[in-house]
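Engineer: Here it is, the structure in full.
The values are calculated or read from the model by the stated rules, or taken from the named source; none is laboratory data. Treat the numbers as computed from the prediction; the structure is a model and nothing was measured. Neighbour counts run over all protein chains shown; Cβ positions are idealised from the backbone, glycine included.
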Amino acid sequence: MAGNEGEIVHADGRVELADASSLASSLLWNEDLAPVPVSRRTWTTYNYAALWISMAHCIPTYMLASGLMNSGMDWKQALFTILLGNVIVLVPILLNSHPGTKYGIPFPVFARAAYGTAGSNLPALMRALVACGWFGIQAWIGGEALHTFFTAVIPGWPALLGAGWSGHTTTEWLSFLLFWGLNVFVIYRGMDLLRKVENWAAPYVLVVTLVLLVWAVREAKGLGPLLAQPGKFRTYAEFFPVFVPSLTAMIGFWATLSLNMPDFTRFGRSQREQVVGQVVALPTTMFAFAAMGVLITSATAIIYGEAIWDPVKLVGKFSHPLVVAVAMFSVVVATLAVNIAANVVSPANDFANAVPRLVSFRTGGLVTGLIGIAMQPWRLLADPKGYIFTWLLGYSGGLGSIAGVLVADYWIVRQRTLDLRALYLKDGAYGGWNPAAVVATFGGCFLAWGGLVIPPLRPLYDYAWFVGFFAAGGLYALLMRVKPLPPT
């Protein structure tokens, strides 16, 4: 069955190009950005569930409740906030996943429909810079795990190469660079290796964490004082001012993936499989893993006399080298899986989108890694409150604005119909820039971030993602309705 010129529309609604070779000379085309042929769209429900399970099983998720409890919540309020935030962010994730499965295109190519073929670099590079920061954070955490492992098996490892700098020993920096290099290696092996890593990392990390939970509860002979500790809020009036920015920050945790899920759903066998895999895995896994973090930490308050939120530091208290080795291997696997999937695939494609003829997926991944180092992740992780209320809350407004434009364009303006071939042509229907998308994005960002410098707008900052999403999406739909503005 034929669709637009040069397209084949299959019975299940998925679209592919009849002759992709005719676009090979286009400046907007390379093999990494090309639409995936239907014959190669092989990801199943399990693959998407495993993807989310492995991405959610990471140290920041484990520690997520700690920042909320430090702000005054009790454990029930913290876990409820985490669950609600992930249910909400699942909505734009699924809405932006649809074009990936239907057309086989990655996020930056999908963004060309709303922003124009040149304008798509605006959302792509905004998304890429956030991913670079996350890449650095996860690489630093993975480096800490390697450092703990080496400390257990190599006598005198921490002081082996000197005092180092910036409050970290030379061996800590070396461990960080080793883990960074492991990420780069997987990048150069490509998406197929990533899928294999995600498939076995997901159940493995879950099993190891459950073993750690059983050990902690048995050693503590109970679940400890954290679960009995009440929050400091006595009324809704006290709770709400903390709950709102916390909820926005929880949405910000996966606001990145709400944009670039087409990078993964482009490989999906059907819409149903990618939807079911994501719905089943994302909110449940985030809630369960954060809950495990709360339970284990509560037990450590009895075992060691202090609450240890960082699992790397917790394992570092074990004396048996084999136990430390297995536990740190688990942390490395978990961190590697989430880092490649969540923080490399998208920016690698985003940087490739800027100069398709010169930058490949591998080159884009290397650029991501270098910028991740330059953003000094050890500073972002130094303060849990700063990590949640500055980093997560801050960038959520910008990404929410982009998500609003993409959802409004695909679902409202274009009614889920794109010209696949034109997405790769500079002089096609999407060529150049779409001013409506740019104006709407900056409008959403202004309202979301304006409170940082304009006091009357300060309450909006606590709702940054919501403000950006609805303001930008509504403004874009209005501009395209009042005066349709095709990309110029």
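Engineer: So, in region 9-46, exactly how many residues are of a type in the set (Lys, Arg) and in a loop (DSSP other than H, G, I, E, B)? Walk me through how you get there before you give the answer.
Structural biologist: Start the filter on region 9-46 by keeping residues that are of a type in the set (Lys, Arg), which leaves 14, 40-41.
The next check asks that each one be in a loop (DSSP other than H, G, I, E, B); those that pass are 14, 41.
Of the residues in region 9-46, 2 are of a type in the set (Lys, Arg) and in a loop (DSSP other than H, G, I, E, B).
Engineer: Can you spot a residue in region 88-105 that is small (Gly, Ala, Ser), at pLDDT 85 or above and surrounded by fewer than 19 Cβ atoms within 10 Å (Cβ to Cβ)? Quick ask: steps written out before the conclusion?
Structural biologist: Filtering region 88-105 for residues small (Gly, Ala, Ser) gives 97, 100, 104.
Of the ones still in play, those that are also at pLDDT 85 or above are 97, 100, 104.
Now drop any that are not surrounded by fewer than 19 Cβ atoms within 10 Å (Cβ to Cβ), which leaves none.
No; the residues of region 88-105 include none that is small (Gly, Ala, Ser), at pLDDT 85 or above and surrounded by fewer than 19 Cβ atoms within 10 Å (Cβ to Cβ).
Engineer: Are any of the residues in region 321-330 modelled with pLDDT of 80 or more, surrounded by fewer than 23 Cβ atoms within 10 Å (Cβ to Cβ) and within 18 Å of Phe185 (Cα to Cα)?
Structural biologist: For region 321-330, residues modelled with pLDDT of 80 or more, surrounded by fewer than 23 Cβ atoms within 10 Å (Cβ to Cβ) and within 18 Å of Phe185 (Cα to Cα): absent.
Engineer: Residue pairs, Cβ under 8 Å, 6 or more apart or interchain, first in region 205-230 and under 21 Å from Ser330 (Cα atoms), second in a loop (DSSP other than H, G, I, E, B). List them.
Structural biologist: Matching pairs, first to second residue: Val205/His57; Leu206/His57; Thr209/His57; Val217/Leu223.
Engineer: Out of the residues in region 216-249 that are aromatic (Phe, Trp, Tyr) and at pLDDT 85 or above, state the one that is surrounded by the most Cβ atoms within 10 Å (Cβ to Cβ).
Structural biologist: The first filter runs over region 216-249 and keeps only residues aromatic (Phe, Trp, Tyr), leaving 233, 236, 239-240, 243.
If we keep only those that are at pLDDT 85 or above too, we end up with 236, 239-240, 243.
Numbers: Tyr236: 8, Phe239: 17, Phe240: 11, Phe243: 20.
By that ranking, first place goes to Phe243.
Engineer: Restricting attention to region 75-92, does a residue exist that is free of Cβ contacts under 8 Å to residues at least 60 places away in the same chain, hydrophobic (A, V, I, L, M, F, W, C) and either touching a helix residue (DSSP H, G or I) at 6+ places or on another chain (Cβ under 8 Å) or more than 30 Å from Pro435 (Cβ to Cβ) (or both)? Walk me through it before giving the result.
Structural biologist: Of all residues in region 75-92, those free of Cβ contacts under 8 Å to residues at least 60 places away in the same chain come to 76, 80, 91.
Adding the requirement that they be hydrophobic (A, V, I, L, M, F, W, C) leaves 80, 91.
The next check asks that each one be either touching a helix residue (DSSP H, G or I) at 6+ places or on another chain (Cβ under 8 Å) or more than 30 Å from Pro435 (Cβ to Cβ) (or both); those that pass are 80.
Taking every residue of region 75-92 in turn, at least one turns out to be free of Cβ contacts under 8 Å to residues at least 60 places away in the same chain, hydrophobic (A, V, I, L, M, F, W, C) and either touching a helix residue (DSSP H, G or I) at 6+ places or on another chain (Cβ under 8 Å) or more than 30 Å from Pro435 (Cβ to Cβ) (or both).
Engineer: Can you pull out the residues in region 49-71 that are of a type in the set (Gly, Ala, Ser) and over 17 Å from Ser298 (Cβ atoms)?
Structural biologist: Taking region 49-71 first, the residues of a type in the set (Gly, Ala, Ser) are 49-50, 54, 56, 65-67, 71.
Once the filter is applied, which keeps residues that are of a type in the set (Gly, Ala, Ser) and over 17 Å from Ser298 (Cβ atoms), region 49-71 yields Ala49, Ala50, Ser54, Ala56, Ser71.
Engineer: Taking region 5-33 as the region of interest, how many residues are touching a residue at least 40 places away in the same chain (Cβ under 8 Å) and surrounded by 15 or more Cβ atoms within 10 Å (Cβ to Cβ)?
Structural biologist: 13
Engineer: If you don't mind, there's one more thing I want to ask. Mind checking which residues of region 67-87 are surrounded by fewer than 23 Cβ atoms within 10 Å (Cβ to Cβ), part of a helix (DSSP H, G or I) and among the small types (Gly, Ala, Ser)?
Structural biologist: Once the filter is applied, which keeps residues that are surrounded by fewer than 23 Cβ atoms within 10 Å (Cβ to Cβ), part of a helix (DSSP H, G or I) and among the small types (Gly, Ala, Ser), region 67-87 yields only Gly67.
So that you can scan it fast, the table gives a plain yes or no per residue for (1) in contact with a Ser or Thr (Cβ under 7 Å, 6 or more places away or on another chain); (2) of a type in the set (A, V, I, L, M):
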position	(1), (2)
Gly104	no, no
Phe107	yes, no
Cys132	yes, no
Gly136	no, no
Ala145	yes, yes
Ile154	no, yes
Pro158	yes, no
Leu161	yes, yes
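Engineer: Yes or no: region 44-54 includes at least one residue that is surrounded by fewer than 24 Cβ atoms within 10 Å (Cβ to Cβ) and free of Cβ contacts under 8 Å to residues at least 60 places away in the same chain.
Structural biologist: no
Engineer: Next up: Hey, can you tell me all the residues within region 452-475 that are over 25 Å from the mean Cα position of the chain (by Cα) and not hydrophobic (A, V, I, L, M, F, W, C)?
Structural biologist: Taking region 452-475 and keeping what is over 25 Å from the mean Cα position of the chain (by Cα), we get 453-459, 475.
Within region 452-475, Pro455, Pro456, Arg458, Pro459 meet the criteria.
Engineer: Follow-up question, since we're still on this one. Within region 5-34, restricting attention to residues that are among the acidic types (Asp, Glu) and out of contact with any Gly (no Cβ under 7 Å at 6 or more places or on another chain), which residue is farthest from Arg189 (Cα to Cα)? If you could, list the steps in order and put the result at the bottom.
Structural biologist: Start the filter on region 5-34 by keeping residues that are among the acidic types (Asp, Glu), which leaves 5, 7, 12, 16, 19, 31-32.
Next, from what is left, pick out any that are out of contact with any Gly (no Cβ under 7 Å at 6 or more places or on another chain): 5, 7, 12, 31-32.
On the way: Glu5: 35, Glu7: 31, Asp12: 32, Glu31: 15, Asp32: 13 Å.
The qualifying residue farthest from Arg189 (Cα to Cα) is Glu5.
Engineer: Could you check region 106-136 and list, in sequence order, the residues that are under 13 Å from Ala352 (Cβ atoms) and of a type in the set (Val, Ile, Thr)?
Structural biologist: Val109
Engineer: Please state which one of Arg362, Arg379 is surrounded by fewer than 18 Cβ atoms within 10 Å (Cβ to Cβ), assigned to a helix (DSSP H, G or I), modelled with pLDDT of 80 or more and not hydrophobic (A, V, I, L, M, F, W, C).
Structural biologist: On the way: Arg379 fails: modelled with pLDDT of 80 or more.
After applying the criteria, what remains is Arg362.
Engineer: Of these, Val89, Val109, which one is closer than 25 Å to Glu273 by Cα, over 18 Å from the mean Cα position of the chain (by Cα) and among the β-branched types (Val, Ile, Thr)?
Structural biologist: Selected residue: Val109, the only one of Val89, Val109 that is closer than 25 Å to Glu273 by Cα, over 18 Å from the mean Cα position of the chain (by Cα) and among the β-branched types (Val, Ile, Thr).
Engineer: Restricting the search to region 282-311, which residues are surrounded by fewer than 22 Cβ atoms within 10 Å (Cβ to Cβ) and touching an Asp or Glu at 6+ places or on another chain (Cβ under 9 Å)?
Structural biologist: Ile302, Ile303, Asp310, listed by residue number.
A quick yes/no check of all residues on (1) under 25 Å from Ala337 (Cβ atoms); (2) of a type in the set (Gly, Ala, Ser):
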| position | (1), (2) |
| --- | --- |
| Glu5 | no, no |
| Leu28 | no, no |
| Thr45 | yes, no |
| Ala50 | yes, yes |
| Gly67 | yes, yes |
| Gln77 | no, no |
| Phe80 | no, no |
| Val89 | yes, no |
| Leu94 | yes, no |
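Engineer: Any chance you could count how many residues in region 418-461 are surrounded by fewer than 21 Cβ atoms within 10 Å (Cβ to Cβ) and outside any helix (DSSP H, G or I)?
Structural biologist: The qualifying residues number 11.
Engineer: I would also like to ask the following. Report yes if Val355 is hydrophobic (A, V, I, L, M, F, W, C) and surrounded by 24 or more Cβ atoms within 10 Å (Cβ to Cβ), otherwise no.
Structural biologist: Numbers: hydrophobic (A, V, I, L, M, F, W, C): yes; surrounded by 24 or more Cβ atoms within 10 Å (Cβ to Cβ): no.
Taking the combined requirement at face value, the residue does not satisfy it.
Engineer: Report those helices (runs of 4 or more DSSP H) wholly inside region 228-324 carrying at least 3 residues which are of a type in the set (S, T, N, Q). Full working, then the answer.
Structural biologist: Details: elements: 236-253, 257-260, 262-265, 271-303, 311-315.
Where helices (runs of 4 or more DSSP H) fall fully within region 228-324 and carry at least 3 residues being of a type in the set (S, T, N, Q), they are 271-303.
Engineer: Within region 163-175, can you find the residues that are part of a loop (DSSP other than H, G, I, E, B), touching a helix residue (DSSP H, G or I) at 6+ places or on another chain (Cβ under 6 Å) and at pLDDT 80 or above? Break it down into steps so the answer makes sense when it comes.
Structural biologist: So in region 163-175, the residues part of a loop (DSSP other than H, G, I, E, B) come out as 163-164, 166-167, 169.
In the following step, the residues that additionally are touching a helix residue (DSSP H, G or I) at 6+ places or on another chain (Cβ under 6 Å) were identified as 164, 169.
The one that is part of a loop (DSSP other than H, G, I, E, B), touching a helix residue (DSSP H, G or I) at 6+ places or on another chain (Cβ under 6 Å) and at pLDDT 80 or above: Thr169.
Engineer: Looking at (1) within 16 Å of Thr285 (Cβ to Cβ); (2) assigned to a loop (DSSP other than H, G, I, E, B); (3) aromatic (Phe, Trp, Tyr), which one does Trp52 not meet, given that it meets all the others?
Structural biologist: (2)
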